[in-house]
Amino acid sequence: MKILLVTAHPRADSLTFAAAKAFAEAAKGNGHEIEIADLTAEGFDPVLREPDEPDWSDSKKVYSAAVRAEMARIKRNDATVMVFPVWWWSMPALLKGWIDRVWNNGWAYGDRNYPHSRAWMLAIAGSSAEAYAKRDYDDAMRTQLEVGILGYCGIAETRLEILFDAIEGPPGPETILAAARRLGSEF
Ligand SMILES: Cc1cc2nc3c(=O)[nH]c(=O)nc-3n(C[C@H](O)[C@H](O)[C@H](O)COP(=O)(O)O)c2cc1C
């Protein structure tokens, strides 16, 4: 399978990038091809403007050139994997903006479904599983991100994996990288 691996993190030496790399290497070992979409390095603009969604209800509308380029990048792949840090119990605004702008009505939901039948999210979390469970942040993220975005767009094989303890470990970074590798080999 060709996998579009989408990341959003300001630091190239982040654990998020290391986890993305670990996932990619394991997935390649499993016979997949990887195309990286590094939204920060690419300077992706996350703000949805009028040309990106010119007319909500017109099925013949033409999306902006930037959005069409992202749609083409998605379409030349067979699956999507997003690897991101948890920021405020959600994804970074940059990645959310990529979804806002590109996963449009009439293209990813509405008359059509998102082009891929498999999309996973790997969320790198600073806090522990216990801290998440205390306030049901994990359930909230699952509802909002996995059900509310991936499921809403008709994607059949969805997965949200929250990899805990990036900061509060142990177990810490090595466990997160091992989990990312395991997920790459399971993909
Ligand atoms: C703006 C910001 C918000 C954050 N919010 C959360 C959060 O809500 N929950 C959490 O577990 N970690 C949070 N963190 C910690 C990140 O998840 C952590 O940096 C990341 O998991 C792993 O480290 P990395 O930044 O080296 O990739 C936040 C970090 C930043 C910079």
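The values are calculated or read from the model by the stated rules, or taken from the named source; none is laboratory data. Being a predicted model, the structure only gives us computed values, none of them experimental. Heads up, the Cβs are rebuilt from the backbone with ideal geometry, glycines too, and the neighbour counts pull from every protein chain shown. The area values use the complete protein model at the heavy-atom level, side chains included, leaving out ligands, DNA and RNA. Shrake-Rupley method; radii C 1.70, N 1.55, O 1.52, S 1.80 Å.
Here are the numbers for this structure:
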{"quantity": "Overall form of the range 106-187 per C-alpha gyration tensor (a/c, 1.5; a/b vs b/c)", "calculated": "oblate"}
{"quantity": "Per-residue SASA entry for D138, accessible area with 1.4 Å probe, Å² rounded to 10", "calculated": "40"}
{"quantity": "Net charge over other residues, Cβ less than 14 angstrom from the Cβ of A133 (K, R count +1; D, E count -1)", "calculated": "-3"}
{"quantity": "Cα-projected label distance for N30 with W88, points at 7 Å along beta-carbon direction, nm", "calculated": "3.3"}
{"quantity": "Order of exposure, largest accessible area first, which applies to W56, W88 with probe 1.4 Å", "calculated": "W88, W56"}
{"quantity": "Helix 15-29 vs. the chain, principal-axis angle (Cα, 0 to 90°, nearest 10)", "calculated": "80"}
{"quantity": "Amide H contacts of L160 (H built 1.01 Å from N, under 5 Å, at least 5 apart or other chain)", "calculated": "M121"}
{"quantity": "With DNA, RNA and ligands ignored, accessible area of S57 (1.4 Å probe; Å², nearest 10)", "calculated": "100"}
{"quantity": "Contact order relative to length of the range 34-97, as percent, for alpha carbon pairs under 8 angstrom and 6 or more apart", "calculated": "42"}
{"quantity": "Lys pairs under 29 Å by Cα in the chain, provided they are eight or more residues apart or on distinct chains", "calculated": "16"}
{"quantity": "Rounded, prolate or oblate (a/c below 1.5 giving rounded, otherwise prolate when a/b exceeds b/c) for the chain by Cα gyration tensor", "calculated": "prolate"}
{"quantity": "Label point distance in nm, K2-A133, each placed 7 Å from Cα along Cα→Cβ", "calculated": "4.2"}
{"quantity": "Fully extended contour minus Cα-Cα distance, from A65 to S117, at 0.36 nm per residue", "calculated": "16.2 nm"}
